[in-house]
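I have placed the structure first, in the form of structure tokens, so that the comments after it can refer back to it.
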Amino acid sequence: MSTSGQNGVSNGKLRVLVIEDNPADADLELGELRRAGFVVSSDLAQSRAEVSAHLDKNTYDVVLADYNLPQFRGMEAVQIIRDKGLTIPLILVTGALKSVTAVECVKQGATDYVLKDHLARLPLCVRRALGETRLREESKEAQAELANKAAELARSNSDLEQFAYVASHDLQEPLRMIATYTQLLAEKYRGRLDADADKYIGYAVEGAVRMQALIEDVLAFSRVGRNGREHVRTESSAALDQALQMLSVAVGESALTVKAETLPLVWADHIQLAQLFQNLIGNAIKFRGASPLQVKVSATRQGTEWIFTVADNGIGIAPEHSEFIFNIFQRLHTRTEYSGNGVGLAICKKIVEQHGGRIWVESAPGLGSSFKFTLPAISADKETTSHEADSRDLVSR
């Protein structure tokens, strides 16, 4: 179809296929369009074969079809247009058409209809049909472009994850050698050289160990996108228990008390959900305050999702940093204050977003932090609670 101009087509030019057995009626229709300002060129068809041949040979902006012809019905042209993969609007122009029949024709694909004794409506119907067709074409093009951009972004993300994984994996072996030999150098020559040499060797060992930890964190971040499994019915309470088992040493050293309410079944990857709990509770252990550390895990239903809360009584976070902390490699404290590379919460965000959820924090300095995230809920008629534990306190031993 031509691009739109003042009348819906370029420069007001209109290419029309008229399906009509009465040439005089066809002339009246085309004359009405010309009086409305269209520059019209047309072809006339009276049978299925002629309609098909014209559509194969020419490009049309609109089809005007009589409802009843001796050899076939005008509405049959709708299917011919569809079969050829075209999107040309078809307007019925007929002598008499009951309202019920007219509505049914529109349902079957006709764009509009005009009675022959009301041809003054025809230019308006044509302009409207051309405008609707143009909007559909523009929408289709925009959707195709969006799909291409999404596919391109997915490929880019996949390539980036692959690069991060390969680069980090390949760096491990030479870095392991550097770390090992600098540590041996420190052990063998500590005190045998001057103080500056001992200091420099210490810097080298510290840098190598820190780089090893950073590479491990990058690998962990890249694996979230590479090793995800299909989401299934998952007991979030079991995922929490697994996370606490993985943190058992840190839990014992920090005297952490975890209080967990009854947690629901959700659609999730069990391993990633356990890692999510592990990172959030590990974050609470790292940034604990002077008071005995407590963490409370709870969940509330909201529509089609569950909102989980992992709340602690640690040092808290300033509100202006509430989004900043989920970016990879972002830290709010120096390494002398708190260890780590700023990857843990970025992994949490990636896990939650891969489950179709969102994550945020509500906090203030000195008042602890409440990390909240959402996961898809299981419909009530399918949800079971036979394996859900009662409210319980989980205290380290």
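The values are calculated or read from the model by the stated rules, or taken from the named source; none is laboratory data. Given the structure is predicted, the values throughout are model-derived calculations rather than measurements. Cβ coordinates were reconstructed from backbone atoms using ideal geometry, including for glycine residues, and neighbour counts include every protein chain displayed. Protein only, heavy atoms only, side chains kept; ligands, DNA and RNA dropped before computing areas. Shrake-Rupley method; radii C 1.70, N 1.55, O 1.52, S 1.80 Å.
Assorted remarks:
- Residue that is most open to solvent (accessible area, probe 1.4 Å), among those in segment 244-275 that are within 25 Å of THR304 (Cβ to Cβ) and aliphatic (A, V, I, L, M): ILE271
- Considering segment 200-222, the residues that are of a type outside the set (Asp, Glu) and open to solvent by 90 Å² or more (accessible area, probe 1.4 Å) include one that is modelled with the lowest pLDDT, namely ARG210.
- Summed over segment 345-378, residues that are in contact with a Lys or Arg (Cβ under 9 Å, 6 or more places away or on another chain) and in a loop (DSSP other than H, G, I, E, B) total 2.
- Residue within segment 77-90 that is out of contact with any His (no Cβ under 6 Å at 6 or more places or on another chain), open to solvent by less than 20 Å² (accessible area, probe 1.4 Å), part of a helix (DSSP H, G or I) and in contact (Cβ under 8 Å) with a residue 60 or more places away in the chain present: no
- Residue list for segment 44-65, filter: outside any strand (DSSP E or B) and either hydroxyl-bearing (Ser, Thr, Tyr) or under 16 Å from VAL106 (Cβ atoms) (or both): SER47, SER52, THR59, TYR60
- Residue-level analysis places ILE281 among those that are assigned to a helix (DSSP H, G or I) and at pLDDT 90 or above.
- Remark: pairs (first residue in segment 169-185, basic (Lys, Arg); second residue in a helix (DSSP H, G or I); Cβ separation under 8 Å; 6+ apart in sequence or on different chains) = ARG176/GLN212.
- Residue check, ILE325 at pLDDT 90 or above and in contact with a strand residue (DSSP E or B) (Cβ under 9 Å, 6 or more places away or on another chain): no
- Boolean, THR300 is among the polar types (S, T, N, Q), at pLDDT 90 or above and either part of a loop (DSSP other than H, G, I, E, B) or open to solvent by 20 Å² or more (accessible area, probe 1.4 Å) (or both): yes
- Of the residues making up segment 375-394, not a single one is at pLDDT 85 or above, hydrophobic (A, V, I, L, M, F, W, C), touching a Gly at 6+ places or on another chain (Cβ under 8 Å) and more than 23 Å from VAL266 (Cα to Cα).
- Residues that are open to solvent by less than 30 Å² (accessible area, probe 1.4 Å) and under 49 Å from the mean Cα position of the chain (by Cα), drawn from segment 31-46: LEU33, PHE38, VAL40, ALA45
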